[in-house]
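The structure appears right after this line, and notes come after that.
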Amino acid sequence: MTALELSRLQFAVVTVYHYLFVPLSISLATLTALLQTFAYRTGDPRWQRSTLVAGKLLMITFAVGIVTGLVQEFQFGLSWSDFARFYGDVFGPTLAIEGMLAFFLEATFLGLWWFGADRLRPALHLATIWIVAVGTLISAYVILAANAFMQHPVAYTLDPVTGRARLGDFTDLLTNEVVLAAFPHTIAGAFLGGGALLLAIGGFRRWRAAGGDATGQWRLLVRVGAWTTLVSGTAVALTGDLLGKVMTSVQPMKMAAAEALYATQAGAPFSLFAVGAPGDKEPFFSLDVPWLLSFLATGDPTATVAGIDDLQAQYVAQFGPGDYVPVVPMAYWSFRFMIGFGVVATIVAAWVLWRMRRGRDLSPRDRGLFALVDRWLLRGLWVVPVLPALAATAGWLFTETARQPWLVFGLFRTADGVSPGLTPVEIVASLAGFAAVYGLLAVVWVRLVLRVARTASDEPDEPAAAVEPDRPLVPSY
């Protein structure tokens, strides 16, 4: 592999691994704040215990996310210094906001929340976790704004001497139509992951409950997790539809590659599944939904969708000779995996809520078809958090690889961004080091999460009691 290919591989590994923890940090911060708000308002110990579970998961995930996030930022100087020179004036302010404001805001107030549980008054203690939740949203927005520039460059001028991009109006950068569409979609996907994690832990506690003892604690975790997963899964679909239309308007090649549509077509269908020989433009088997691609791309089922061949000719005329077609199989399948994994997680959440309606129990001891499904569901709920993680990974692979050969669409090519003088041996050595550290972090994170799952309180319900005004709502850790 060349230095370019290895640099792309290393950046992909670092980014994908880091993004496994980012959505969980975002969603768990808000979920912890919501759970503690209910505990503060009701004094119900079930909400208190659920707050502790979500809070511990947040602390574990945030700590790992810090380490992986620092490595993520180092990539620009390590392997992509030429790109950093071109993009630095635009990317710098967003990194400054994310690092100096949002990151320190989150870290400071998360520390106050963790260590001040038995020192701060309940209302002030609750405020600290809400500040953390707001900080995570600020971080997400400014980073997405930086990425949106790479998808659809706005608010810049090109220095005629150096060729570098210089930031124009910062407000225009933050109101890029791509970030306005990508932010709600990303946040919805984050809550899909956080809800699935709480659902899995609640189901794990139910499965381990001795004698089938149905306690309010596991039920609350399952219901909160399932509702969060169901609502966010629906939101992902709605916001994804909007993002798809924006994507088609700014990067039509990406939508064409998502369907492997080579010929421009009116009323284009969307294939749920297709099989073809490598290099062939037409599959020998395809299961299509008529007019769906045109609707996804434009909102009009009869609209014309530009094909890869016509777009390639258009880009050659616009940007000069070159191959502007991304790896079509990667774009095609990552797009479907993104949708498929998210849909499966949402369906599982809907099934759990339907089976638990009117106070019913997921009982593995009952007989019948539904009980058989429940039995396997309880044993396999630990897989549910993996589904949103796979969906998010597939989504980012699609977003970034289907933009190729551009780092900044229409302005800066990927081949021009690699650090000069970088050798394949150097990249392999650093990649091996990152992989070893990340593997260790993965083991630590999984073991700590399993420990939280095993020790999550499954005591019987306690009567709700009023919380004294000067008594800390969440007990000391």
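For this structure, a couple of remarks:
- Using a probe of 1.4 Å, the accessible surface attributed to His125 totals some 0 Å² when neighbouring protein chains are kept in position.
- The chain - Rg and Dmax from Cα coordinates, angstrom: 24.1, 76
- What separates the Cα centres of region 402-434 and region 278-323 is a distance of 28 Å.
- Highest mean first, the peptides 20-33, 298-311, 224-237 sorted by other C-beta atoms within 10 Å per residue fall in the order 20-33, 224-237, 298-311.
- Selection from Val224, Ala140, Ala127, by position along the positive dipole direction of the chain (Cβ): Val224
- Rounded to the nearest 20 debye, dipole of region 44-120 from Cβ charges on Lys, Arg, Asp, Glu: 360 debye
- Here the peptides 191-204, 439-452, 240-253 are ranked by packing, the mean other Cβ count within 10 Å, and the order with the highest first is 191-204, 240-253, 439-452.
- Cα-based shape type of region 55-96, given that a ≥ b ≥ c are square roots of the gyration tensor eigenvalues and the cut on a/c is 1.5: oblate
- Gained length - Arg413 relative to Val437, 0.36 nm times residue gap less alpha-carbon distance: 5.6 nm
- Inter-part distance where region 224-259 and region 14-82 are each reduced to a Cα centre, Å: 23 Å
- Dipole magnitude for region 1-148: about 600 debye, using +1 per Lys or Arg Cβ and -1 per Asp or Glu Cβ, origin at the Cα centre.
- Sum of -39500 (n - 2.57) over DSSP H runs of 4+, divided by residues of the chain (222 nm, nearest 500): -23000 deg cm²/dmol
- For the chain, with +1 on Lys and Arg beta carbons and -1 on Asp and Glu, the positive-most of Leu9, Leu105, Val425 along the dipole: Leu105
- Cα gyration tensor, region 5-65 - rounded (a/c under 1.5), prolate or oblate: prolate
- Prolate/oblate/rounded label for region 67-116 (Cα gyration tensor, a/c 1.5): oblate
- Positive-pole candidate from Leu198, Gly439, Phe86, dipole of the chain, charges at beta carbon: Leu198
- By accessible area with a 1.4 Å probe, ligands and nucleic acids excluded, highest first: order of Met356, Met330, Met338, Met1: Met1, Met330, Met338, Met356
- Partner lysines for Lys254 [C-alpha distance under 28 Å; skip if fewer than 8 residues away on the same chain]: Lys245, Lys281
- In terms of overall dimensions, the C-alpha atoms belonging to region 380-454 reach 50, 28, 15 Å along their principal axes, ordered largest to smallest.
- Its Cα centre serving as origin, the chain has a Cβ charge dipole (Lys and Arg +1, Asp and Glu -1) of approximately 1860 debye.
- Ranking of Ile60, Ile143 by solvent-accessible surface, largest first: Ile143, Ile60 (1.4 Å probe, protein heavy atoms only, all chains present).
The values are calculated or read from the model by the stated rules, or taken from the named source; none is laboratory data. A quick note: this is a predicted structure, and the numbers were derived from the prediction, not measured. Positions of Cβ are generated from backbone atoms using ideal geometry, with glycine treated the same way; all protein chains shown enter the neighbour counts. Accessible surface is based on the protein model in full, side chains and every heavy atom, while ligands, DNA and RNA are left aside. Shrake-Rupley method; radii C 1.70, N 1.55, O 1.52, S 1.80 Å.
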